[in-house]
Amino acid sequence: MQKERSFFKEIEEITEYDGSALDLLRPRLLLAAGIIIVFAALVFCRLWFLQISNNEEFLSKAYNNRVRVRELAAPRGHILDRNGVSLVTNRPSFNVLLVREDSGNEPSLMKRLAKVFDIDVARLWERIREAEHIPLHIPIQLQEDINWETLAYLENHKHEFPGIRIEVTPRRVYHYGDLAAHLIGYLGTISKRELMGSVEGEYSGRDKIGKMGLEKLRERDLRGEKGTSFAEVNARGFQQQLLKRVDPLPGRELHLTLDVKMQQVAEEIMNSEDKSGAVVALDVNTGRVLTLVSTPPIRLEEFIGGISQKNWDTYLNNIKKPLINKAVQGVYPPGSTYKMITALAGLEEGVIDLESVYYCPGYHAFGNRIYRCWKWSGHGAVNLTRAIAESCDVYFYQVGQLVGVDTLAEYAKKLGLGVKTGLEIEHEKAGLVPTKKWKRDRHNIKWQEGETLSIAIGQGYNLVTPLQITVMTAMLANGGKKYRPQIVEKVVNPNGEIVERFEPELIEELTGMDQHIRLIQEGMYEVVQGKRGTARIAKIEGLDIAGKTGTAQVVRLAQYKHLKEEDIPYKYRDHAWFTCYAPADKPEIAVTVLVEHGLHGSSGASPIAKAVLETYFADRLIAPEVAENKE
C-alpha cells in the first residue's frame with residue numbers, strides 16, 4: 001500500500017514539476033497497451049475459430065463424445081422368378097464390431113474374444129492392423145454372422161468387453177442353393193477402387209455390394225437406402241438410450257422371367273450326370289429367358305465375404321471351367337445346328353428348292369480331298385427335308401459350295417450368330433462368323449474353297465454361344481422375328497409399385513422368307529417326329545416337337561479314330577448339341593442344350609431338352625396311365 005502511494009506521488013511530482021520525466025514513461029505505457037491489445041486479439045481470433053469458423057466441426061466432436069451415430073444397413077431387394085417364387089431374400093446376420101476409442105486394454109480384449117470365437121488371436125489382430133488408417137471412432141468388423149450361442153454370451157457379458165458392439169445386418173438367403181448362380185451372382189465387401197468410384201456418402205468401407213451377375217448389374221435397384229440411429233453413450237462406449245432412429249429403405253424387388261421349376265430340372269440333370277455345358281430356354285414370342293443354366297455351378301457361399309485362395313485355385317484348375325457362364329461366354333462350333341442356316345441361304349439364293357436332290361454315298365470329293373458324311377454307308381438320294389431330318393453332311397457340303405462362305409455369313413448374322421444378343425448379362429461373347437475378308441485380315445491368308453464345306457456343316461472357324469443358337473431357333477419357330485432376350489420382367493419398389501417394366505423388344509424381322517422358313521420347319525419336325533429323325537429319343541407323347549441335333553468336332557485326331565468313344569480322352573470328345581421348339585404347329589418355347597464333350601446331340605443333349613419341355617408343358621400333357629385308361 002505504501003508502495004502504491006509513493007508511486008502515485010512520484011507521478012504527481014513528475015507531472016507537476018518534471019515534463020521531461022513524463023516523456024520517458026509514455027513509451028512504457030504504449031508498450032503495455034500494445035501487449036494487452038495483442039493478447040486480446042489472439043483470444044478473440046481463437047474464439048472466432050472455435051465458435052464461428054469451425055463451429056460445426058467442434059460441435060460434432062463434442063456431440064459425438066456423448067452421442068454415437070450409426071449407419072443402419074438397408075435390406076437388399078428380393079429376387080423372384082416369373083411366378084413370384086422367392087429365389088433370393090434376406091435374414092439377420094449378427095456381426096461383432098470393435099470401436100477402438102472405447103476399447104481400453106486391447107491385447108487383453110483380443111485374447112478374451114479369440115476364446116469366445118474359438119479362433120487364433122492373430123486373425124483378430126490382422127483385422128485391426130488392416131484398419132490402422134481408419135479413425136478410431138469408426139467400427140472395425142472382427143467377426144461376421146456369429147451364431148446364437150456366441151451372441152447370447154456377448155450380450156450377457158457385454159460389460160466385460162468394452163468397445164465391442166453387435167451390429168445386425170441383412171444377409172442374403174439363397175432359397176434354392178446355387179440355382180442360377182452364374183446369373184444371380186453374389187455379394188462381397190466393397191473394394192477401395194469401388195469405394196473411390198462411388199458417389200460420396202453412398203457407401204462405406206464395410207458395405208457389401210454386388211460383385212457378379214444381377215447382384216452387380218442391378219446394384220442400384222437392389223441396394224436400398226441406409227438408415228441412421230443416434231444413441232447416447234457413456235465414457236466406455238456403452239449405449240445409454242436411443243435418441244433418434246431413421247429406418248433404412250429396403251431395395252427394390254427384381255421379378256425375373258426365369259422359371260424356377262424348369263431351371264431346377266435342367267440343373268439337376270446336368271449336375272447329377274456331371275455334365276459340363278449350358279441349357280437355355282426362350283419364349284419364342286417375347287424373347288423372355290425361361291432357363292439359363294451353366295454347369296458346373298459355382299458355390300455362392302464360397303464367394304460371400306471373399307473367396308479363399310484355395311477355393312479360387314480349385315475353380316481355376318478345374319478342367320470343366322466352372323467360372324465361365326457357358327450359356328453366354330462359352331463359344332463352340334455349332335455343328336449340325338448350323339445346317340438350317342445353310343438351308344435358308346440355299347433356298348433364298350435359289351440354288352436349291354424342296355425338290356432338289358443330292359446323292360450321298362457317304363462322302364463328297366472336292367479338289368484333292370474326300371469329305372466324309374457322318375453316316376459312312378451314305379444316305380442315298382436326299383432332298384431338303386430328309387437332309388435336315390437325318391443331318392446328311394454331303395447334301396449341305398454341296399449347298400454350301402454353291403452358296404459360298406460370304407453368303408453363309410450373311411444369313412448367319414441375320415439369324416443372330418456372330419453378334420451379341422443384348423441380354424442383360426456380363427461378358428457376353430459375340431462368337432465368330434468367318435468371311436473371306438476376316439481370314440485375310442486375321443491370318444493374312446486367302447480363303448480356301450474347301451473351308452466353305454466345313455463352314456456349311458457348322459465346323460471350321462464357326463463359333464457360337466448356346467444363347468445365340470436359341471435365338472436362331474426361336475426365329476425359325478416364329479417366322480423370322482428376332483427379339484432381344486430379357487431376364488428381368490419388372491422392378492417393384494418397397495410399396496409394391498412397378499417402377500420399371502420390360503416389354504418384348506423386337507430387334508429385327510426377316511421379311512419375304514416365310515415360305516422357305518416353313519420348309520426348314522418341316523425338316524426340323526422330322527428330326528424328332530419322323531421315323532428316321534436323329535432326335536427321335538426326344539419325342540413326348542401328346543406334344544409335337546421340331547428340332548435339330550448337332551455334333552461339334554473339337555479336334556481331328558487320327559490316333560483316336562479306332563477307339564471306342566468312351567475311351568477317347570474327355571477333352572478330345574465331340575460336343576453335343578440339341579436345339580428345338582414346341583409345339584411344332586404353334587411354337588411357344590425354344591430350348592437349346594450344349595453338353596461339352598457329350599459326343600452326340602441325340603443321346604447326350606436331347607434327353608435334357610425333353611425334360612425341360614415336359615416341365616414347361618406339364619399341365620397340358622396327358623400322363624401315360626391316363627392315356628391307357630382312355631383307350
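The values are calculated or read from the model by the stated rules, or taken from the named source; none is laboratory data. Just so we're clear, the structure is a prediction, and the values are computed from it rather than from any experiment. Because the Cβ atoms are built from the backbone with ideal geometry, glycine has one as well, and the counts that use them run over all protein chains shown.
Condition check ((1) in the same structural domain as L323 (by TED's automatic domain parsing); (2) outside any helix (DSSP H, G or I); (3) among the hydrophobic types (A, V, I, L, M, F, W, C)) across all residues:
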site: L142; (1), (2), (3): no, yes, yes
site: E167; (1), (2), (3): no, yes, no
site: S204; (1), (2), (3): no, yes, no
site: E215; (1), (2), (3): no, no, no
When you scan the stretch 94-116, do you find a residue that is assigned by TED's automatic domain parsing to the domain that holds G201, closer than 28 Å to I209 by Cβ, modelled with pLDDT of 80 or more and of a type in the set (S, T, N, Q), even just one? yes
Looking only at residues in the stretch 354-374 that are touching a residue at least 60 places away in the same chain (Cβ under 8 Å) and of a type outside the set (A, V, I, L, M, F, W, C), which one is surrounded by the most Cβ atoms within 10 Å (Cβ to Cβ)? H364
Looking for whichever is within 19 Å of A456 (Cα to Cα), in the same structural domain as E503 (by TED's automatic domain parsing) and among the acidic types (D, E) here; the options are E390, E424, E428. Which one fits? E390
Considering each residue of the stretch 265-319, count those that are at pLDDT below 90 and small (G, A, S), and give that number. 4
So if I check each of L187, L183, L217, which one is touching a residue at least 40 places away in the same chain (Cβ under 8 Å), surrounded by fewer than 20 Cβ atoms within 10 Å (Cβ to Cβ) and within 11 Å of the chain's Cα centre (by Cα)? L217
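At pLDDT 85 or above, touching a strand residue (DSSP E or B) at 6+ places or on another chain (Cβ under 7 Å) and of a type in the set (D, E, K, R): does that describe R172?
So R172 fits the description; yes.
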Selected residue (criterion: farthest from D221 (Cα to Cα)) from residues of the stretch 91-128 that are among the polar types (S, T, N, Q) and in contact with a Ser or Thr (Cβ under 9 Å, 6 or more places away or on another chain): N95
Just name the residue that is surrounded by the most Cβ atoms within 10 Å (Cβ to Cβ) out of those in the stretch 583-607 that are out of contact with any Gly (no Cβ under 8 Å at 6 or more places or on another chain), aliphatic (A, V, I, L, M) and modelled with pLDDT under 95. A584
